[in-house]
Amino acid sequence: MGDDILKALWDFLFGGTPSSQSHPLSPPSQHLFPVLQPDPATLPEPVYPKVLMITHNPVLRTQGGKTLKQYFNWNDPLALAQGYIHDVRECSFGYANYQIVEHVIVDEYPIKRDG
């Protein structure tokens, strides 16, 4: 590639020439993409859907009664769901506000279509 093409590619990807930044990991002086700041007057009224959370976490009787989550040392499903709810609220600018109103933990595997 020619130097002009490489420079244009660098400018497009990183927002400047290689010598314009003191260190490759230093933050750029301006955002590569505009930060969205919606007009509050144009936002719809927030919604608050109520959801039922079902966690399939069977007990492994052959592993001393540990649950599947304990055996594999998986993360807490409720904490993961709360993080997801927070992310959806943030990326929807406060529009979607999910509420877990019931959490059922099921001691079995979910049934698949093919059995």
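The values are calculated or read from the model by the stated rules, or taken from the named source; none is laboratory data. Predicted model, so just to flag it, every value in this text is computed and none were measured. A quick note on method: Cβ atoms are made from the backbone with ideal geometry, for glycine too, and the neighbour counts reach across all protein chains shown. Only protein heavy atoms, including side chains, enter the accessible area calculation; ligands, DNA and RNA are left aside. Shrake-Rupley method; radii C 1.70, N 1.55, O 1.52, S 1.80 Å.
If the requirement is being on the phi < 0 side of the Ramachandran plot, open to solvent by 70 Å² or more (accessible area, probe 1.4 Å) and at pLDDT 95 or above, which of these qualifies: GLN82, GLN30?
GLN82
Looking at (1) at pLDDT below 80; (2) open to solvent by 60 Å² or more (accessible area, probe 1.4 Å), find the lone condition where GLY2 falls short.
Failed condition: (2).
Go through region 88-114 and give me each residue that's free of Cβ contacts under 8 Å to residues at least 40 places away in the same chain and open to solvent by less than 90 Å² (accessible area, probe 1.4 Å).
VAL88, ARG89, SER92
Would you check which residues across region 60-70 are assigned to a helix (DSSP H, G or I) and either among the polar types (S, T, N, Q) or surrounded by 14 or more Cβ atoms within 10 Å (Cβ to Cβ) (or both) and list them?
Listed by number, the residues that qualify are THR62, GLN63, LEU68, LYS69, GLN70.
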